[in-house]
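**Q** Would you mind keeping the following structure in view while I ask a few things?
Rule-based calculations on the coordinates, nothing more; no lab input. Please read all numbers here as calculations on a predicted model, not as lab measurements. No Cβ is skipped: glycine too gets one built from the backbone with ideal geometry, and neighbour counts run over all protein chains shown.
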Amino acid sequence: MSAAMSSVGPERGASLRLLIWTPLAAAGLLAALLTGRPELVVLAGPFAVTLVAGVALIGRPEFSCRVEMDADRVLQGDTVQAIVHLTSSVDLPRVEILLGVPIGLSVARENSPPNVLPRVLPPGRWFSRHRTEPTAAAAATALPLRADAERSPEWRLRADRWGAFQVGPVTVRAHDPGGLLVWTATCGQPQRLRALPSAGTLAALVQPHQTLVTAGNVVDRTKGEGIEFADVRPFRVGDRPRAVNWRSTARRGALWVNERYSERNADIVLFLDSFVDKDMVAAPGLDRSVRAACSLAAAYLQHRDRVGVIDLGGLRWLTPGMGQAALYRVIDVLVSATPLQTEADRPVRLFPHYLLPARALVIALTPLLDERVDEALFELRRRRADLIVIEVDPEEGVIEPSGPLGSLAGRLWRLERDRRRHVLEGLGAVVIRWRRSEPLAHIMREVDRSRRRLAR
Amino acid sequence: MTGATALVIGVVLAAVPLSAGRAVGGLQAIAGLAGLIALLVGLAGWPAGIGLSVAALATGYTLGVAGRVGADPTAPVEAAGLVLMAELAVWSLEARSLAPDTREVLAWRLRRLAVVVAGTITLGALVVAVSDLPAHSGAPLGAVGAASAVAVLSLAAIGLYRATASRR
């Protein structure tokens, strides 16, 4: 989890000492000449000597640096160790090392080396103009660096939220021995870190109405080779002897065999709504949606089903696949989902046809706030897709507007969402509202019950 | 901590010249006050204030020794105080960086301070001693002066060359 050392020549800048000492020394010595007072030479002399000695000690450094992490995937809430390896071509008494930590990660104070004191700082206090992305915290320390001797300060970073992050690059600011010049460089290849949502386990899953022809764990309606008993019938040429039901055979005086339901797998498409309104800072419920989608993907893949993903807002997708590799790909797509504010249309036809197989079970996770999502869901239903809509309740966290007008606006908003829900239900989709307090397993049981009711 | 220490040193440097009770005491008080205000401004985040503070406090001191015959023997101590105050004030500003100093860097800073203060007192004592020599010391003293000027220019040239040249 580390890149090769990258070497950079730094930019040179003047330190505070150079900027303050130079006019002081010049003015003091000039005043001494004009007034003829030796005391002024005594007062200005140290500043002048410091400057001259400092200039004599100047050496242009060259830095080699790389960022190393002990993992590239962690679970949300877990920590990962980040190490910065840094060498310099000359001796430097004070080198400030700042590792950019993106929003969503924080510097964990515990388990840090005793002589390195990472500080969590508010955004915006980043001294370097080399910043490449917003940083929430900086893992920073200042230490001496001897020529060609590597120093490796390390920090533990905690994944506060799920997502795909880039840790680095490193900004290095070095002070020369005389304290006159400051050398600044940005180096080190940023390292990718994926924080996976802490997915819960689901005991029961919603079975799709239709299955594929390949073997899986879903009990199909068709009879074939499986485990679940379906019926008995008279023996036919080609039936296996072990299928003979001896009790029925004895009762009826002819050979009868057991019939079983075949077990197939299915295509599951997880449909993620990451749209955000222009007045909102975060997509409502996206965090819960992603965690739920990860749980569903893990559970369905464990049942040997094929799972695909559509991120409608970000226009990212993944064709259905199966196995552990598919799980990683699905999670990669899911954790890369970010709240997206766009006015662009997102009709279903934008997605390739193989992404939505005819027999697929589509599970949509959406707060039902965006008309484009409604249109996409209507379109899916018109195509007779087996559709489940889990409405991630957006009302929690919403501040109810005050006053009669605000209350009226709130009511209208809820009525509009009710209307959308009823339209979807009218089209035959199962729509279940998911409140924050409810576990996903409970929602899946409710979905299952609703589908059974609809089937009757 | 470093900022507060710099301020305390500044107060002492502003107050000491006043204790002599000279005729220019009013001007010294104004210079001292201006020096302290400039130091506060410098510590608040305007680095030029540190330079102005040193200049103002040095002016207050010089007003006290103006007209005196021969060099003031306490000048090296005054110079050490000014250098110490300026170094601590700059340290205070540098300490506001995101990166906290490790113990090794703290030790280097303290060593550097000690060397600078000791060097200031030594150099000051030397200047005071040289200034007490007879005015017409002849060619040897002139030669020392010329050699010093050449040495300073050479060091400056070397430093600039090193700062601009890439690694060979």
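**Q** Name all residues of the range A:149-184 having a backbone nitrogen under 20 Å from the label point set 7 Å from the Cα of A:T22 along its Cα→Cβ direction, giving them as ranges.
**A** Answer for the range A:149-184: A:174-184.
**Q** Nearest 0.05, what FRET efficiency do A:W413 and B:S19 give at R0 = 60 Å with Cβ-Cβ as r?
**A** Details: r = 76 Å, r/R0 = 1.27.
Working from the Cβ atoms, E equals 0.20.
**Q** Pick from B:E104, B:E94, B:E78: which residue has the top mean-square fluctuation in a GNM of chain B where Cα pairs under 10 Å get a spring?
**A** In this elastic network of chain B, the residue with the biggest mean-square fluctuation among B:E104, B:E94, B:E78 is B:E104.
**Q** Can you work out the PRE-style zone for A:E379? Point 7 Å along Cα to Cβ, and I want the residues of the range A:306-338 with backbone N under 19 Å.
**A** A:308-320
**Q** Here's something else I'd like to know. How tilted is helix A:286-302 with respect to the longest principal axis of chain A? Cα atoms for both, answer in degrees (0 to 90, nearest 10).
**A** In chain A, helix A:286-302 runs at an angle near 50 degrees to the longest axis.
**Q** Provide the gained length on full extension for the span A:V423 to A:A203, in nm with one decimal, where the gain is 0.36 nm per separating residue minus the Cα-Cα distance. Mind showing how you got there, number by number?
**A** Details: separation 220, 0.36 × 220 = 79.20 nm, distance 3.06 nm.
Full-extension gain reported as 76.1 nm.
**Q** Still on this structure, I have one more. Relative to a virtual label point 7 Å from the Cα of B:A149 in the Cα→beta-carbon direction, which members of the range A:16-45 show backbone nitrogen distances below 19 Å?
**A** A:25-38, A:41-42, A:45
**Q** To the nearest 0.05, what FRET efficiency results for A:A243 and A:T222 with a Förster distance of 22 Å applied to their C-beta separation?
**A** On the way: r = 16 Å, r/R0 = 0.74.
So, using R0 = 22 Å, E works out to roughly 0.85.
**Q** Moving on. Efficiency by 1/(1 + (r/R0)^6): what FRET value for A:R12 and A:D72, r their Cβ-Cβ distance, R0 = 35 Å, to the nearest 0.05?
**A** Numbers: r = 35 Å, r/R0 = 1.01.
Step by step, r from the Cβ atoms, then E = 0.50.
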